[in-house]
Ligand code: LMR
């Protein structure tokens, strides 16, 4: 057996001139669909990294929680079972409390403000807030502003009273729904459709691309144009793995990552409106615009949540985030 294997490899080397080393396999796992900004950014990273390092790296992209879902992906990254993931900024609570800033309701006016904060000194500082825990932030990636949904119109905060809402694993989001009398339930993204379909929960919040690609609009009667918060990501790597990469490989991967994030962000900016339109055209759920007065009522009810988390987040970070609203 050994002799046969040896003979085969000698024959292969003879045929190809040199024995080439196996490529470095990089697993990039995420929980959303390929068509979303995150899905597209991951595929772009694969394309660019493999082009820059031909034969040296192989990037394997696993969408839709195929490799690891919400509950496991962060742990898997720290253990080295996956090299790159891009969790929502709402899912880092076990590793740092500072990123909770992104979950505060009605903090950012729009995705442009989120972008300015992420690009500024405090936002950039947060990319390195978990290095001691083995997590290296490679960059921020947008999805978009979240919309509230349920089987009844959520015009005013009182409409949320007594409803069960699926939330990401974030203490801020838990308080956000408690502030309007809702009953929040932390659930993995992969479980949301079924939970809405079977009535385990009554409502939820997500940006348009996730609503459409995961068909949440088929199991929710009303989606409000609430834009009450943001759902963005941090693309992260296992810092031990990243730091030990040969310098030329790391530089090329870093460049591919920066480009892939730009690509994903452009999709996030360009396509939020078209995903909203797709949801409307599907006629499964009604999309309800909100008046200024209705939005003001939600803001008033939810804003007290900020004070509960200001200490954990840090006043400096909160101030910088608020300042990003003004051009
Ligand atoms: C969610 O759990 O709703 C989102 O974080 C999913 C995602 O990655 O966009």
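Figures for the structure shown
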read-out: Matching entry among 230, 258 (being away from the ligand (no atom under 16 Å from the Cβ) and touching a strand residue (DSSP E or B) at 6+ places or on another chain (Cβ under 7 Å)); value: 258
read-out: Test: residue in segment 277-289 that is under 26 Å from residue 122 (Cβ atoms) and in a helix (DSSP H, G or I); value: no
read-out: Members of segment 121-149 that are assigned to a helix (DSSP H, G or I) and buried (at least 19 other Cβ atoms within 10 Å of the Cβ); value: 122, 123, 126
read-out: Residue satisfying condition, being touching a helix residue (DSSP H, G or I) at 6+ places or on another chain (Cβ under 9 Å) and either at pLDDT below 95 or over 17 Å from residue 144 (Cβ atoms) (or both), within set 48, 12; value: 48
read-out: Extreme residue, farthest from the chain's Cα centre (by Cα), among residues of segment 185-211 that are part of a strand (DSSP E or B) and surrounded by fewer than 20 Cβ atoms within 10 Å (Cβ to Cβ); value: 185
read-out: Residue count, segment 46-85 (criterion: within 28 Å of residue 21 (Cβ to Cβ) and touching a strand residue (DSSP E or B) at 6+ places or on another chain (Cβ under 7 Å)); value: 19
read-out: Pairs where the first residue, in segment 164-187, is at positive phi and the second is surrounded by 20 or more Cβ atoms within 10 Å (Cβ to Cβ) and modelled with pLDDT of 95 or more, C-beta under 8 Å, 6+ apart; value: 181/160
read-out: Complete set of residues in segment 73-110 that are closer than 23 Å to residue 207 by Cα, within 16 Å of the ligand (Cβ to nearest atom) and surrounded by fewer than 20 Cβ atoms within 10 Å (Cβ to Cβ); value: 93
read-out: Near pairs, Cβ below 8 angstrom, 6+ apart or cross-chain, from segment 63-78 (on the phi > 0 side of the Ramachandran plot and modelled with pLDDT of 95 or more) to any residue that is in a helix (DSSP H, G or I) and surrounded by 18 or more Cβ atoms within 10 Å (Cβ to Cβ); value: 65/189
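The values are calculated or read from the model by the stated rules, or taken from the named source; none is laboratory data. Fair warning: this is a prediction, and the values are worked out from it, not measured in the lab. Quick reminder, even Gly has a Cβ in these numbers, built from the backbone with ideal geometry, and neighbours come from all protein chains shown.
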